[in-house]
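Novice: One structure, as structure tokens, below. Some questions next.
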Amino acid sequence: MAGNTLIGGTSYEITGGTCLVDGTSYEVKRGKVLIGGTSYDISFGTTIGDLGVGESVFLNVDGVSNEFIIVHQGLPSSLYDSSCNGTWLLMKTVYTWMIWDPTNNDYANSDIYAYLNNTFLYLLDSDIRAAIQRIKIPYWNGTKSSGTIATGSNGLSTRIFLLSGYELGWTTSNSPYFPVDGAKLSYFMSGTTNTANAKRVAKDQSGSTDTWGLRSPHSGTKDIWAVDRTGAYTVPECAISTAVRPALVLPSDFDVTNYLA
């Protein structure tokens with residue numbers, strides 16, 4: 001429960017507070033109060049920034065609760081615009097399957113980018129949709145070898161997006177055709193060990209593993225980078241259907257009390 005207090009005869013809702021202990025002020029997140037000899041819990045809610053990487057929140061997608069993993073807190077690196085500073089969420093399971101794009105691997109003009117920022121966005125509850133940050137993410141601007149990296153304020157404006165190879169812990173040391181379109185997120189591990197790959201594996205609602213697509217194009221061909229059923233990287237053609245795991249960023253002060261398990 002939260003609470004109210006009377007000041008000058010007016011009732012104010014208490015949403016947080018501090019207390020003094022030996023002259024030091026401490027923020028109060030929760031506690032107890034005695035009313036009529038009975039102890040009651042007091043809670044001022046949980047913000048998503050209070051949660052650790054690897055913890056989950058549950059958001060409705062088309063009216064159905066779906067688990068989203070916290071994969072990073074804060075700004076991943078200087079490659080990112082300040083708009084990316086928040087809590088990064090990745091859907092735990094595969095949501096759907098679709099062709100990345102029928103023609104080429106230009107992410108900014110792809111079918112998958114349009115689907116995520118239109119169709120999928122409006123499947124989320126209105127309060128979540130309103131809170132999702134519009135960010136500018138690093139991306140390969142163009143297609144095949146004719147593209148260039150765009151970062152910082154020149155990044156791609158988006159609200160729902162796919163993760164990149166670098167964000168999952170792969171680099172050009174794994175393949176020179178990985179564009180440097182991001183930095184490793186805290187949830188993932190660098191390299192290609194079995195332990196690192198296990199963090200990347202995705203399953204569908206039935207428990208079957210699936211190959212899921214990334215926003216990173218292969219910088220030498222019209223293929224895209226993806227995560228295969230074992231968590232290793234692979235390069236399917238852009239016109240081949242792959243699984244979709246949407247990602248988004250919420251402000252760190254967003255109250256997720258009603259979105260926890």
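The values are calculated or read from the model by the stated rules, or taken from the named source; none is laboratory data. Bear in mind that the values here come from a model prediction, so they are computed numbers and not experimental data. Glycine gets a Cβ as well: all are built from the backbone with ideal geometry, and neighbour counts include every protein chain shown. We work out accessible area using only protein heavy atoms, side chains counted, and drop any ligands, DNA or RNA first. Shrake-Rupley method; radii C 1.70, N 1.55, O 1.52, S 1.80 Å.
Novice: Given the criteria of a type in the set (Gly, Ala, Ser), touching a residue at least 12 places away in the same chain (Cβ under 8 Å) and either over 23 Å from residue 238 (Cα atoms) or not in a loop (DSSP other than H, G, I, E, B) (or both), does residue 145 qualify?
Specialist: yes
Novice: Quick check on region 225-245. Is at least one of its residues of a type outside the set (A, V, I, L, M), surrounded by fewer than 18 Cβ atoms within 10 Å (Cβ to Cβ), touching a Lys or Arg at 6+ places or on another chain (Cβ under 8 Å) and more than 19 Å from residue 160 (Cα to Cα)?
Specialist: Within region 225-245 (the criterion being of a type outside the set (A, V, I, L, M), surrounded by fewer than 18 Cβ atoms within 10 Å (Cβ to Cβ), touching a Lys or Arg at 6+ places or on another chain (Cβ under 8 Å) and more than 19 Å from residue 160 (Cα to Cα)), the answer is yes, since at least one residue qualifies.
Novice: Working only within region 199-222, note down all residues that are at pLDDT 95 or above, closer than 27 Å to residue 84 by Cα and over 20 Å from the mean Cα position of the chain (by Cα).
Specialist: 218 - this is the single residue of region 199-222 that is at pLDDT 95 or above, closer than 27 Å to residue 84 by Cα and over 20 Å from the mean Cα position of the chain (by Cα).
Novice: Assess whether residue 88 counts as being out of contact with any helix residue (DSSP H, G or I) (no Cβ under 7 Å at 6 or more places or on another chain) and open to solvent by less than 40 Å² (accessible area, probe 1.4 Å).
Specialist: Yes: the conditions hold for residue 88.
Novice: Same structure, new question: Given the structure, is residue 196 at pLDDT 95 or above, open to solvent by less than 40 Å² (accessible area, probe 1.4 Å), over 23 Å from residue 70 (Cβ atoms) and small (Gly, Ala, Ser)?
Specialist: So residue 196 fails the test.
Novice: Would you check if residue 202 is small (Gly, Ala, Ser), surrounded by 15 or more Cβ atoms within 10 Å (Cβ to Cβ) and farther than 21 Å from residue 53 by Cα? So that I can check it myself, show each step before the final result.
Specialist: Working: small (Gly, Ala, Ser): yes; surrounded by 15 or more Cβ atoms within 10 Å (Cβ to Cβ): yes; farther than 21 Å from residue 53 by Cα: no.
So residue 202 fails the test.
Novice: I'm trying to understand the selection: among the residues of region 156-177, which are open to solvent by 20 Å² or more (accessible area, probe 1.4 Å), of a type in the set (Ser, Thr, Tyr) and more than 11 Å from residue 225 (Cα to Cα)?
Specialist: 157, 171, 172, 173
Per-residue answers, yes or no, for (1) more than 23 Å from residue 206 (Cβ to Cβ); (2) assigned to a helix (DSSP H, G or I); (3) not aliphatic (A, V, I, L, M):
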{"site": "73", "(1), (2), (3)": "yes, no, yes"}
{"site": "83", "(1), (2), (3)": "yes, yes, yes"}
{"site": "87", "(1), (2), (3)": "yes, no, yes"}
{"site": "121", "(1), (2), (3)": "yes, yes, no"}
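Novice: Next question. Just name the residue that is nearest to residue 231 (Cα to Cα) out of those in region 49-71 that are in contact (Cβ under 8 Å) with a residue 60 or more places away in the chain and in a loop (DSSP other than H, G, I, E, B).
Specialist: Ranking the candidates gives 54 first.
Novice: Looking at region 123-138 only, could you name the residues that are in a strand (DSSP E or B) and either open to solvent by 20 Å² or more (accessible area, probe 1.4 Å) or free of Cβ contacts under 8 Å to residues at least 24 places away in the same chain (or both)?
Specialist: 136
Novice: So, one more: List, please: which pairs have Cβ atoms under 6 Å, are six or more places apart or on different chains, and start with a residue in region 196-221 that is without any contact (Cβ under 8 Å) to a residue 40 or more places away in the chain and end with one that is part of a strand (DSSP E or B)?
Specialist: Once the first residue is without any contact (Cβ under 8 Å) to a residue 40 or more places away in the chain and sits in region 196-221, its partners that are part of a strand (DSSP E or B) give 200/227; 201/209; 209/203; 211/226; 211/242.
Novice: Still on this model: Test residue 102 against the stated conditions and say whether it is part of a loop (DSSP other than H, G, I, E, B), open to solvent by less than 10 Å² (accessible area, probe 1.4 Å) and touching a residue at least 12 places away in the same chain (Cβ under 8 Å).
Specialist: no
Novice: Which members of region 89-119 meet the condition of being among the β-branched types (Val, Ile, Thr) and over 24 Å from residue 204 (Cα atoms)?
Specialist: 103
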